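The values are calculated or read from the model by the stated rules, or taken from the named source; none is laboratory data. A quick note: this is a predicted structure, and the numbers were derived from the prediction, not measured. Heads up, the Cβs are rebuilt from the backbone with ideal geometry, glycines too, and the neighbour counts pull from every protein chain shown. The protein model used for the area step is the full one, side chains on, heavy atoms only, and it has no ligands, DNA or RNA in it. Shrake-Rupley method; radii C 1.70, N 1.55, O 1.52, S 1.80 Å.
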Amino acid sequence: MRNSIVRTGFTFAFSLILVAATTFVTSSGALAQTGSSNSCRGTIQRVLVAGNQRIEASTILSYTVLGPGDPFNEEVMDLSLKTLFATGLFEDVSLGCSGRDLVISVKENPIINRVAFENNRSLDDGELAEETELKPRLIFTRAKVQEDVSKIIERYRRSGRFAANVSPKIVRLEQNRVDVIYEISEGPVTGVSKINFVGNERFGDNKLLDVIATQESKWWNFFESNDNYDPDRLAFDREQLRQFYLSEGYADFRVVSAVAELTRDRKDFFITFTVEEGDRYNFGTVEVDSSIDALQPEVLRRAVPIKEGSTYDASVVENGVEALTFIAGAQGYAFVDVAPRLRRDPEARIINIVYRIKEGPRVYIERININGNTRTLDKVVRREFRLVEGDAYNKVLINRSRARIRGLGFFSEVEIEEEPGTSADKTVLNVNVEEQSTGELALGAGFSSTDNFLADFSITERNLLGRGQFLRLRLSISGRRQQVDIRFTEPYFLGRKLAAGFDVFKLLTDFSDESGFETDSQGIGLRTASPLTDFTNLSLRYTFRTDDIEVSDFDCQFGFVSRAICDQVGQRSTSVAGYTWSINHLNDPIEPSRGWRGSVTQDFAGIGGSVNYVRTEVQAGIYRGVFDDNLIGSLTGSAGHILGWGNDSVRLTDRFFKGGNTFRGFDVSGIGPRDLTTDDALGGRTFAIGSAELKFPLGLPEEFGIKGGLFGEVGTLGTLDDVDLVAGVVDDMSIRASGGVSVFWKSPFGPVRVDLGVPFLKEDYDKTQNFRFSAGTRF
């Protein structure tokens with residue numbers, strides 16, 4: 001009796017856990033299986049199990065609520081029936097009575113012998129097996145088969161095959177085993193026929209297409225992997241649009257909907273993003289409210305990188321949080337909570353910000369674990385962390401660390417998870433990464449009116465031996481230049497945030513058409529670079545090179561080449577050290593629409609070698625949207641001067657040559673000093689060029705990717721050394737100017753640019769080029 005009570009209590013408690021199982025057993029079915037109430041009466045004498053082959057009778061009895069000594073009860077028998085079905089071990093179960101015995105008859109579910117996939121071509125068996133729950137030697141249930149079918153179909157949909165169909169086939173074997181075979185009809189890849197944007201007024205469809213990851217399917221785009229519909233990618237696209245608009249000042253922006261509609265033939269999707277841009281805001285007042293007496297608000301305010309009246313940018317607000325957190329930590333307050341409070345003023349279209357600073361809970365980082373880096377060394381990941389073990393916990397720096405690790409480009413996924421440490425004031429950070437390919441084999445081809453046909457071949461490894469090092473071998477050939485170079489960069493030299501590397505190169509250049517000479521240059525360079533702030537960078541370099549100027553004796557002897565060039569025939573060695581300081585406040589490094597940039601470069605030659613000079617160059621540019629961001633105006637300028645020292649004149653190969661790409665409307669080396677006798681360009685020691693440009697849409701459908709531009713350029717080039725002012729040489733440092741139109745096309749084969757330039761201020765001896773064309777691609 002005591003054993004009966006214990007067994008009954010155990011089984012009843014277990015059954016309560018499973019009573020909510022979804023297995024459907026109707027009351028009528030239960031009654032039919034348990035028998036009529038007239039035949040099952042009295043007290044149970046024995047509980048018998050029939051039909052089991054692999055499963056022990058004691059295991060089956062442990063799932064039942066009734067036992068010997070219990071009265072027959074239809075409700076309790078029905079509960080036992082549902083509990084047995086809920087185990088998933090049985091294909092069929094029935095409860096009945098034989099006299100005073102309770103008989104449990106079962107039909108066990110088969111054991112899976114193998115799981116196979118048929119007719120799958122785009123996804124291999126391993127990829128599909130990762131999606132399914134049924135595996136060999138597990139128990140077969142039809143419910144799990146249907147679940148696996150749904151998962152396989154979903155996997156195909158994520159790969160862009162929405163017409164995929166899966167039919168499961170069950171093959172019965174001896175010894176109650178089965179083979180599960182999924183017969184798959186993959187169907188065609190479902191592309192994205194068209195992506196539409198509704199409600200966008202400030203930015204055109206083409207600009208927003210550049211923001212999102214999903215792309216339209218094009219027949220020529222063989223290597224595009226994002227031109228199919230993926231619900232997860234669509235959610236990512238919504239966030240990308242939000243981040244973009246927030247960076248452009250649209251604080252009220254929202255994506256109302258992102259709808260994907262499948263065509264009737266199930267071959268393509270039409271995706272429509274409906275957006276509400278709202279008004280564009282500027283930054284208003286910026287205040288700092290600190291509850292910590294030692295942190296003075298007026299001092300902290302200077303660290304916030306926000307200028308009142310500038311365009312609102314959500315990322316700049318976060319930069320302010322990081323700056324304040326850093327300064328508070330530097331003053332000994334590592335546990336601070338910096339929370340920006342934004343107050344919109346819709347009428348004035350400004351956003352006032354108050355940064356509230358208070359002490360946060362004291363939590364330290366106990367350990368940082370790096371997981372998933374099968375190739376990249378731990379130290380490559382750890383050195384991008386803004387925190388180390390033992391530091392105070394700081395969410396801002398953790399987020400920035402994740403962004404820095406993602407910025408390496410070595411990993412397709414980077415996630416940082418937190419888990420409790422060994423005590424309440426400690427936490428453990430788990431950095432989970434997924435490696436991606438970092439090698440690149442690139443082939444390039446193109447044509448330009450300057451270099452004629454050009455070809456480019458390069459092999460690049462961005463994460464050499466998992467150390468984060470960069471190595472590239474490049475070979476470039478054109479009608480004018482043949483170049484081969486090897487470049488290596490160590491981004492953390494001596495364990496510091498100091499990039500260092502070397503270059504080995506050989507360059508053959510043909511200036512026969514412009515100046516009657518050819519050059520053969522080769523050398524090696526050492527360089528290093530380090531960021532000074534988030535916006536400024538300083539690079540140092542040293543190069544040793546030899547330059548051999550070649551002119552045929554026949555051309556010099558009979559005066560077909562300028563004497564100023566013939567006098568410099570031969571080989572010289574140059575030992576030069578230099579630096580470049582640069583600053584960049586552009587909103588986009590490739591197609592800026594707002595911001596400015598500048599740089600200063602100086603080189604000092606004469607530390608050994610046979611050439612002595614000091615060369616200085618400056619560059620600057622400012623970009624601004626005119627009326628809206630579809631109309632981009634820019635002002636750019638550059639200037640340079642090179643001065644020989646130690647009684648040395650400036651060699652031909654060290655001078656500035658301008659024209660072509662650097663001064664539209666003029667041919668390569670088309671301006672500056674020239675020998676009128678031989679018509680050879682001699683270059684100059686001083687130049688200054690300014691350019692104004694306005695880019696605008698041409699009214700064509702934005703998917704064509706065609707824009708227009710107006711440009712105007714003005715500049716000068718000249719000042720030769722006295723020794724080069726031989727008979728026939730003119731050097732007047734006169735002003736040149738040109739203007740024209742440009743057409744820019746993002747073609748399927750790469751960027752295409754056409755310039756039509758007309759010089760309206762020039763010298764008679766200048767060489768003009770009214771039409772310039774360039775195109776190229778990489779594959």
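Which residue, of L494, L498, is of a type in the set (A, V, I, L, M) and touching a residue at least 24 places away in the same chain (Cβ under 8 Å)?
L498
Being in contact with a strand residue (DSSP E or B) (Cβ under 9 Å, 6 or more places away or on another chain) and open to solvent by less than 40 Å² (accessible area, probe 1.4 Å) is the filter here; which residues of region 373-407 pass it?
N373, T376, V380, V381, F385, L387, A392, N394, V396, I398, S401, I405
Which of the residues spanning region 549-580 are exposed (fewer than 15 other Cβ atoms within 10 Å of the Cβ), in contact (Cβ under 8 Å) with a residue 12 or more places away in the chain and not in a loop (DSSP other than H, G, I, E, B)?
Result: E550, G570, Q571, S573.
For region 649-688, what are the residues that are among the β-branched types (V, I, T) and open to solvent by 20 Å² or more (accessible area, probe 1.4 Å)?
Scanning region 649-688 gives T653, T662, V668, T677, T678, T686.
Taking the condition under 30 Å from P188 (Cβ atoms) and either touching a residue at least 24 places away in the same chain (Cβ under 8 Å) or within 40 Å of the chain's Cα centre (by Cα) (or both), does S122 pass?
Yes: the conditions hold for S122.
For region 726-746, indicate whether the set of residues that are within 27 Å of G606 (Cβ to Cβ) and open to solvent by 40 Å² or more (accessible area, probe 1.4 Å) is non-empty.
Yes, some residue in region 726-746 is within 27 Å of G606 (Cβ to Cβ) and open to solvent by 40 Å² or more (accessible area, probe 1.4 Å).
Whether any residue in region 351-360 is farther than 30 Å from G309 by Cα, open to solvent by less than 80 Å² (accessible area, probe 1.4 Å), without any contact (Cβ under 8 Å) to a residue 12 or more places away in the chain and not β-branched (V, I, T) is what I want to check.
Among the residues of region 351-360, not one is farther than 30 Å from G309 by Cα, open to solvent by less than 80 Å² (accessible area, probe 1.4 Å), without any contact (Cβ under 8 Å) to a residue 12 or more places away in the chain and not β-branched (V, I, T), which makes the answer no.
Looking at S599, is it part of a strand (DSSP E or B) and crowded, with 17+ Cβ neighbours inside 10 Å?
So S599 fits the description; yes.
Taking V316 and the conditions (1) within 19 Å of R386 (Cα to Cα); (2) open to solvent by 50 Å² or more (accessible area, probe 1.4 Å), which numbered condition does it fall short on, given that it satisfies the others?
(2)
I want to confirm something. Restricting to region 663-681 and keeping residues that are out of contact with any Phe, Trp or Tyr (no Cβ under 9 Å at 6 or more places or on another chain) and assigned to a loop (DSSP other than H, G, I, E, B), which single residue is farthest from L710 (Cα to Cα)?
Among those that are out of contact with any Phe, Trp or Tyr (no Cβ under 9 Å at 6 or more places or on another chain) and assigned to a loop (DSSP other than H, G, I, E, B), it is T677.
Among (1) among the hydrophobic types (A, V, I, L, M, F, W, C); (2) modelled with pLDDT of 95 or more; (3) within 27 Å of V741 (Cβ to Cβ), there is one condition V626 misses while meeting the rest; what is its number?
V626 satisfies every listed condition except (2).
Of the residues in region 633-643, how many are open to solvent by 20 Å² or more (accessible area, probe 1.4 Å) and over 34 Å from the mean Cα position of the chain (by Cα)?
Residues meeting the conditions: 3.
Among the residues of region 468-522, write down those that are over 36 Å from the mean Cα position of the chain (by Cα), among the small types (G, A, S) and surrounded by 17 or more Cβ atoms within 10 Å (Cβ to Cβ).
S515, G516, S521
Could you run through region 227-255 and say how many residues are at pLDDT below 90, assigned to a helix (DSSP H, G or I) and aromatic (F, W, Y)?
The qualifying residues number 1.
Considering every residue within region 615-632, establish whether at least one is part of a loop (DSSP other than H, G, I, E, B), open to solvent by 30 Å² or more (accessible area, probe 1.4 Å) and without any contact (Cβ under 8 Å) to a residue 40 or more places away in the chain.
Within region 615-632 (the criterion being part of a loop (DSSP other than H, G, I, E, B), open to solvent by 30 Å² or more (accessible area, probe 1.4 Å) and without any contact (Cβ under 8 Å) to a residue 40 or more places away in the chain), the answer is yes, since at least one residue qualifies.
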